[in-house]
Amino acid sequence: MQTDNKLTIKCWAEEDRPREKLQLKGKHSLSDAELIAIIIGSGNAKQSAVELSRQILASVQHDLFQLGKKSIQDLMQFHGIGEAKAISIAAALELGRRRAQSEAKPQEKIINHKAVFEMLSPILSDLPHEEFWVVYLNRNNRFISKHKISSGGVSGTVADMKMIFNIAIRELASCIILCHNHPSGNLNPSEIDIRLTRNAVEAGKMLEIAVLDHIIIAQQSYCSFREQNLL
């Protein structure tokens, strides 16, 4: 007699189940497939929800933008995805798209540090680790793009100047605003933060790209280097 080696999600170790993993480790610990598995709830007779989600992602080369273009009928072509599950996936992706739009509108004028905080706080405020982001602006201080430069541990991350200014040159940015988070909740800039900012300012002068500010985000508050006269 042949034993079926396939295990359902309920048979997995608790830390490997998407819902339990989210509760134990936080939403940022989940892969795209695990997040979709939570949305659809169950798989089919041969695949767990996570396996089915991986198959769906593989069909679009793991590109969530392309997945968002799929119609309800397209999604229902996968065995185990009925109309209700297809609608749930489409609704979740649409909500994500709207959130991204609300965070930063193209050609929005960045007039002060509060605008940068409002743009990046939804991304950085609740992270358990540090991330370093840069906002790129044109010469009229209008938003071009924002990019994550690095992701690190609880107490620090490394920001590569070559990457920061390579993106600025590629996108024809005239100004940049640096930003990172402090998961500890401490808003005070460290010596490393201050030194990095000074290095960025000097590098920017050579390329005629102004560093307008460096924002530290901690929970629901922020510190502006420019406001603190640290630039």
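The values are calculated or read from the model by the stated rules, or taken from the named source; none is laboratory data. This structure is a prediction, so every number in the text was calculated from the model and none was measured. Positions of Cβ are backbone-derived with ideal geometry, glycine not excepted, and every protein chain shown enters the neighbour counts.
What number of residues within the range 204-231 are part of a helix (DSSP H, G or I) and small (Gly, Ala, Ser)?
The number of residues fulfilling the criteria is 1.
Could we say that residue 71 is over 19 Å from the mean Cα position of the chain (by Cα), among the hydroxyl-bearing types (Ser, Thr, Tyr) and modelled with pLDDT of 80 or more here? It is true that residue 71 is over 19 Å from the mean Cα position of the chain (by Cα), among the hydroxyl-bearing types (Ser, Thr, Tyr) and modelled with pLDDT of 80 or more.
Here are 49, 58: which of them is surrounded by 19 or more Cβ atoms within 10 Å (Cβ to Cβ) and either assigned by TED's automatic domain parsing to the domain that holds residue 216 or more than 14 Å from the chain's Cα centre (by Cα) (or both)? Quick ask: steps written out before the conclusion?
On the way: 58 fails: surrounded by 19 or more Cβ atoms within 10 Å (Cβ to Cβ).
Matching residue, one of 49, 58: 49.
Listed conditions (1) buried (at least 16 other Cβ atoms within 10 Å of the Cβ); (2) closer than 15 Å to residue 36 by Cβ; (3) at pLDDT below 90 are all met by residue 80, apart from (3).
Residue under question is residue 117, and the condition is that it be in contact (Cβ under 8 Å) with a residue 60 or more places away in the chain and either in a helix (DSSP H, G or I) or not acidic (Asp, Glu) (or both); does it hold? So residue 117 passes the test. With the structure loaded, tell me whether residue 218 is in the same structural domain as residue 141 (by TED's automatic domain parsing), surrounded by 12 or more Cβ atoms within 10 Å (Cβ to Cβ) and under 19 Å from the mean Cα position of the chain (by Cα) or whether it fails that test. So residue 218 fits the description; yes. Screening residue 123 against (1) among the hydrophobic types (A, V, I, L, M, F, W, C); (2) part of a helix (DSSP H, G or I); (3) touching a residue at least 40 places away in the same chain (Cβ under 8 Å) leaves a single unmet condition, (3). Pairs linking a residue in the range 40-64 that is closer than 13 Å to residue 81 by Cα and touching a residue at least 24 places away in the same chain (Cβ under 8 Å) to a residue that is part of a loop (DSSP other than H, G, I, E, B) and among the aliphatic types (A, V, I, L, M), with Cβ atoms under 9 Å and 6 or more positions apart or on different chains, are 40/81; 44/81; 48/7; 52/81; 56/81.
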